[in-house]
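To start, the structure under review is shown below, and the notes come after it.
The values are calculated or read from the model by the stated rules, or taken from the named source; none is laboratory data. What you see is a predicted model, and the numbers here were worked out from it, not measured in a lab. We place every Cβ from the backbone using ideal geometry, glycine too, and count neighbours over all the protein chains shown. Note: areas computed on protein heavy atoms with side chains; ligands, DNA, RNA excluded. Shrake-Rupley method; radii C 1.70, N 1.55, O 1.52, S 1.80 Å.
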Amino acid sequence: MNKSLADYLETLYRQGREHDGPLADRLLRLRNMTPAAAGLVATLIRVQGSRRVLEIGTSNGYSAIWFGDAVRDTGGHLETVEIDPERATQARANIAAAGVSGQVTVTEGDGAAVLAAAADGSVDLVVLDAERPAYVDYWPRLRRVLSPGGVIAVDNAVSHGEQVAAFRETVTADGGFAVHLHEVGDGVLTAVHLRHGT
């Protein structure tokens, strides 16, 4: 990541924290990933050589910029999904200002619907940073769209561990995934689709 992009992300993150600070209603907050968590996922994208990345929960596009920079290195593309029209518009503006709009598509819509429309095995890495209680319902579609060797990365797996617990149990019980909790930022749960798994 070049210095100008790093500086832009630092400013955007600070503005997000300042925006969220006085707001009691969590739905009004931007709730950006921490730099450490976003950096971990960006590293996973580069290590895997991910070409097809899906993020569910765009907010203002902060994390999408991290991932857009990563897929620029892999020759891939990120689709990021946001259900709030105002947030989607804000994200597009921030992504363009960061210079990664060529690598990122912002889809305004529901994450479950996007997963339902995706082809089997069409996604290399999925980032979940949306409404955590919905993740268990996502599971059958997530599993179907993920490529062999694909990765699911779930943010807030420590800070909101109780809300991620059922999803973690579901993925672990599947038996076809290597599951690990990274105590980075607010916690990132990763599940790697084993190539020899069912």
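Overview of results
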read-out: Unmet criterion (only one of (1) in contact with a Ser or Thr (Cβ under 7 Å, 6 or more places away or on another chain); (2) surrounded by fewer than 21 Cβ atoms within 10 Å (Cβ to Cβ)) for Val47; value: (1)
read-out: Unmet criterion (only one of (1) surrounded by fewer than 24 Cβ atoms within 10 Å (Cβ to Cβ); (2) in contact (Cβ under 8 Å) with a residue 40 or more places away in the chain; (3) within 22 Å of Val136 (Cβ to Cβ)) for Thr58; value: (1)
read-out: Hey, Arg195 on the phi < 0 side of the Ramachandran plot, in contact with a Gly (Cβ under 6 Å, 6 or more places away or on another chain) and among the basic types (Lys, Arg) or not; value: yes
read-out: Helices (runs of 4 or more DSSP H) lying entirely in region 1-98 (those with 2 or more residues that are among the aliphatic types (A, V, I, L, M) and under 22 Å from Pro148 (Cβ atoms)); value: 35-48, 62-74
read-out: Glu82 acidic (Asp, Glu) and either buried (at least 21 other Cβ atoms within 10 Å of the Cβ) or in contact with a strand residue (DSSP E or B) (Cβ under 7 Å, 6 or more places away or on another chain) (or both); value: yes
read-out: Counted residues, region 1-12 - those being under 20 Å from Val71 (Cβ atoms) and either open to solvent by less than 80 Å² (accessible area, probe 1.4 Å) or modelled with pLDDT under 85 (or both); value: 5
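Each row is one residue, and each column tells you yes or no for (1) in contact (Cβ under 8 Å) with a residue 40 or more places away in the chain; (2) of a type in the set (D, E, K, R).
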residue	(1), (2)
Val126	yes, no
Arg144	no, yes
Ser147	yes, no
Val154	no, no
Glu169	no, yes
